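Structure first, commentary second.
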Amino acid sequence: MTRKYYSSRKTPKKMSLIELHKKLVHLYLYFRGKDYFKEKAGITGRQIPDSFVHEARLTLDFDPLPLEDWPTDKISEDNVFDTIEFLYDHVSLPGETDYFTGETGYNYEDYVSYDTAAGQTEFRKKADGFLCRYRDGYELCEDGHIRSLGVDGTQAIVRAELPSFGDDNVDQKVRDALLKWRNRSLSVEQRKQ
């Protein structure tokens, strides 16, 4: 979780859907500017390759690009959350650089390595910094899924370390029940189960 500054500690404010979309845009621009989408999406600067645009259109049920120009009717919780999860799958931390000679004979500097796990961890921390303020609170989990944090009284239960019951079948049922309860798209009745 990112640091909470004075005003957010003093009077925590819930975020609207429009504000959530604005945070998504800034999250994308922040990581794009640091080349975190270069390895897997081929994004360099403001250039978004056609292959990535087509992949996004094929994978998602809407056209997310460019994120900065969504019409108001496109801004929905599902679209914002789908886009965050999609971007999470395409982020990686750039590593060391080296010089290469291009086809035209000019030398250029480029990355020689990337670290997906480190990039996703940093992306998740930044996303969680604002997802926790939307409605009852959400988080981007290590598996790339956005899940509900639960209301204040249940957050400690959800985050608690599960004791081992000694029976793998029972342990798995408890883990499955927690995941089902945290699924943001389930009805109250389904969560009770």
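Can you tell me how many residues within segment 61-101 are acidic (D, E), within 20 Å of K40 (Cβ to Cβ) and either buried (at least 20 other Cβ atoms within 10 Å of the Cβ) or touching a residue at least 24 places away in the same chain (Cβ under 8 Å) (or both)?
Filtering segment 61-101 down to residues acidic (D, E) leaves 61, 63, 68-69, 73, 77-78, 82, 85, 89, 96, 98.
Next, from what is left, pick out any that are within 20 Å of K40 (Cβ to Cβ): 63, 82, 85, 89, 96, 98.
Subset that is either buried (at least 20 other Cβ atoms within 10 Å of the Cβ) or touching a residue at least 24 places away in the same chain (Cβ under 8 Å) (or both): 85, 89.
Summing the residues that are acidic (D, E), within 20 Å of K40 (Cβ to Cβ) and either buried (at least 20 other Cβ atoms within 10 Å of the Cβ) or touching a residue at least 24 places away in the same chain (Cβ under 8 Å) (or both) in segment 61-101 gives 2.
Note on segment 124-148: among residues that are closer than 16 Å to K22 by Cα and assigned to a loop (DSSP other than H, G, I, E, B), the one that is nearest to the chain's Cα centre (by Cα) is C132. Here K22 fulfils each of the conditions (1) touching a helix residue (DSSP H, G or I) at 6+ places or on another chain (Cβ under 9 Å); (2) within 18 Å of A127 (Cβ to Cβ); (3) surrounded by 12 or more Cβ atoms within 10 Å (Cβ to Cβ) apart from (1).
Counting only residues that are in contact with a Gly (Cβ under 8 Å, 6 or more places away or on another chain) and farther than 15 Å from D35 by Cα, segment 89-113 holds 1 of them. Contact annotation: no residue pair with Cβ atoms under 6 Å, 6 or more positions apart or on different chains, pairs a residue in segment 103-124 that is in contact (Cβ under 8 Å) with a residue 24 or more places away in the chain and of a type in the set (A, V, I, L, M) with a partner that is in a loop (DSSP other than H, G, I, E, B) and open to solvent by 60 Å² or more (accessible area, probe 1.4 Å). Of all residues in segment 109-123, those satisfying the criterion of being touching a Phe, Trp or Tyr at 6+ places or on another chain (Cβ under 7 Å) and either exposed (fewer than 10 other Cβ atoms within 10 Å of the Cβ) or under 30 Å from H145 (Cα atoms) (or both) are E109, G119, Q120, F123. Between G33, G42, the distinction of being out of contact with any strand residue (DSSP E or B) (no Cβ under 7 Å at 6 or more places or on another chain) and at positive phi belongs to G42 only.
The values are calculated or read from the model by the stated rules, or taken from the named source; none is laboratory data. In this text the structure is predicted, and so the values were computed from the model without any measurement. With ideal geometry, Cβ positions are generated from the backbone for all residues, glycine too; neighbour counts draw on all protein chains shown. With ligands, DNA and RNA removed, areas are computed over all heavy atoms of the protein, side chains included. Shrake-Rupley method; radii C 1.70, N 1.55, O 1.52, S 1.80 Å.
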